[in-house]
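A quick write-up on the structure given underneath.
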Amino acid sequence: MHSSSNRGEASNSQSVSATNNRELKTRFVIVNKNWILSDIFYPRQMMFTHFNANFTRIDEIVPNIYKLSISNNKKFVFSQFLILDERPMLIHTGRSNWFEQTYQLVSSVCDASKLHYIALCHLEADECGALNQWLEVAPEAKTIVSPLNQSNMDDFALRPTTVLKNNFALSLGKRDIILIETPHFPHGWEGCLFYQPQEQILFCSDLAAHPGQFESPITEKDLTESIIKFQQKVGFMSEGKSFTRGIEAIEKLPIKYLATMHGSIIYGESISKLLSKMKQTFGS
């Protein structure tokens, strides 16, 4: 059974002003009367540079594994994941300016200072922006990264990182977490994914990202076409050989839950279809 708590509050009204530029197709968004460059649209690329945590919620996906959702306007969701065990783990930290909201979500189900591990898939603001804030409040927490991410994070983090080798199983107590190296997949040469074998959950970072779904933390719907259309529009994942290698690293795993950072967790039979279709569309 999936349980949830919706902590959303009414978002501040926003006025939007658009300027057309044929080469860059740049859109500016006014938030509280301050100019903020929100999205820069290149032919197949979009960058998210500013979001407030106006809406938050926490959902228990399976016993003691939680999805922590943050959104500016419910049109795009950023998620972290929390595994409660003898050695609790947080997967992704969220941005630094979301720390208080994320901390409150974690604290609603456990003592946040007792986090033992913080796992990062790659170097990006929504993945690790609040890392040092978490390291301050959780003094025993170790940062888990791929070998290629160690030099990045050791230069950034308050404490040295802990590297897991490819396919190494780290025991959290009753559960394990396995690091799968996926260079340039979904993006970033230091990229990796995390697999939880007991419940067959793949924490897949930006793979399978799709907009909306704030009110639907988990779905059994087949979202294959909408996910592919989103990638075709936004173009945020590396395509070609890196994409093929990334899919091949995970497609033989038994996956019940595809826990993307953005949108609903995908549950059930459509996962294998999605991976196959994405490999066919974006691989080489």
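Odds and ends about this structure:
The rows are residues; the columns are (1) open to solvent by 20 Å² or more (accessible area, probe 1.4 Å); (2) over 15 Å from Asp206 (Cα atoms); (3) assigned to a loop (DSSP other than H, G, I, E, B); (4) touching a residue at least 24 places away in the same chain (Cβ under 8 Å).
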position	(1), (2), (3), (4)
Thr244	no, yes, no, yes
His262	no, no, yes, yes
Ile266	no, no, no, yes
Ser272	yes, yes, no, no
Thr281	yes, yes, no, yes
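- Members of region 107-154 that are among the polar types (S, T, N, Q) and in a strand (DSSP E or B): Thr143
- Only residues that are surrounded by 18 or more Cβ atoms within 10 Å (Cβ to Cβ), small (Gly, Ala, Ser) and at positive phi were counted across region 146-197, and they come to 1.
- Taking the criterion of being at pLDDT below 95 and crowded, with 16+ Cβ neighbours inside 10 Å, the residues of region 213-229 that qualify are Gln213, Phe214.
- Complete set of residues in region 82-104 that are buried (at least 24 other Cβ atoms within 10 Å of the Cβ) and assigned to a loop (DSSP other than H, G, I, E, B): His92, Thr93, Gly94
- Residue-level check: of (1) crowded, with 22+ Cβ neighbours inside 10 Å; (2) more than 22 Å from Ser71 (Cβ to Cβ); (3) not aliphatic (A, V, I, L, M), Glu251 misses just (1).
- Taken across region 119-129, residues that are more than 17 Å from Leu172 (Cβ to Cβ), more than 14 Å from the chain's Cα centre (by Cα) and modelled with pLDDT under 95 do not occur at all.
The values are calculated or read from the model by the stated rules, or taken from the named source; none is laboratory data. Model, not experiment: these values are computed from the prediction. Virtual Cβ from ideal backbone geometry, glycine too; neighbours counted across all protein chains shown. With ligands, DNA and RNA removed, areas are computed over all heavy atoms of the protein, side chains included. Shrake-Rupley method; radii C 1.70, N 1.55, O 1.52, S 1.80 Å.
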